[in-house]
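Below is one structure; the comments refer to it alone.
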Amino acid sequence: MEKLEEQIAHLTRTVEELSDVIARQDGEIALLTRRVQMLLEREASRESDGGGGVVMGDERPPHY
């Protein structure tokens, strides 16, 4: 009986720890989702303004 009580205590602690991890990850996912949405909106705004003149890699600027 004592062995079962120890297992239940261990499993209860594990469940509580996992619940804390899930709650923390939920907050992180929500924050990252908001940041991605902001970046998408910013990029859409930049594209609609026509001001996206960033040169990537070895692309040549249009004036060459």
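The values are calculated or read from the model by the stated rules, or taken from the named source; none is laboratory data. Worth saying up front: this structure is predicted, and the values here are computed from it rather than measured. Backbone-built Cβ (ideal geometry, glycine too); neighbour counts: all protein chains shown. For the accessible areas, the whole protein counts, side chains as well, though only heavy atoms, and no ligand, DNA or RNA atoms are used. Shrake-Rupley method; radii C 1.70, N 1.55, O 1.52, S 1.80 Å.
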**Study point:** Cα lying deepest toward the dipole's positive end in the chain, options THR12, MET38, GLN25, charges on Cβ
**Key:** MET38
Point to revise | Stretchable slack from ARG34 to GLN7, in nm (0.36 nm times residue separation minus alpha-carbon distance) | key: 5.7 nm
Review point. Mean residue ellipticity at 222 nm from the helices of the chain, using -39,500 (n - 2.57) per DSSP H segment of n ≥ 4 over the full residue count, to the nearest 500 deg cm²/dmol?
Key: -28000 deg cm²/dmol
Practice item. Can you work out the accessible area per residue across the chain, with the rest of the protein chains kept in place, probe 1.4 Å, in square angstrom? Key: 97 Å²
Point to revise | Per-bin percent of Cα-Cα distances, the chain [10 Å] | key: 17, 20, 18, 15, 12, 10, 7, 2, 0
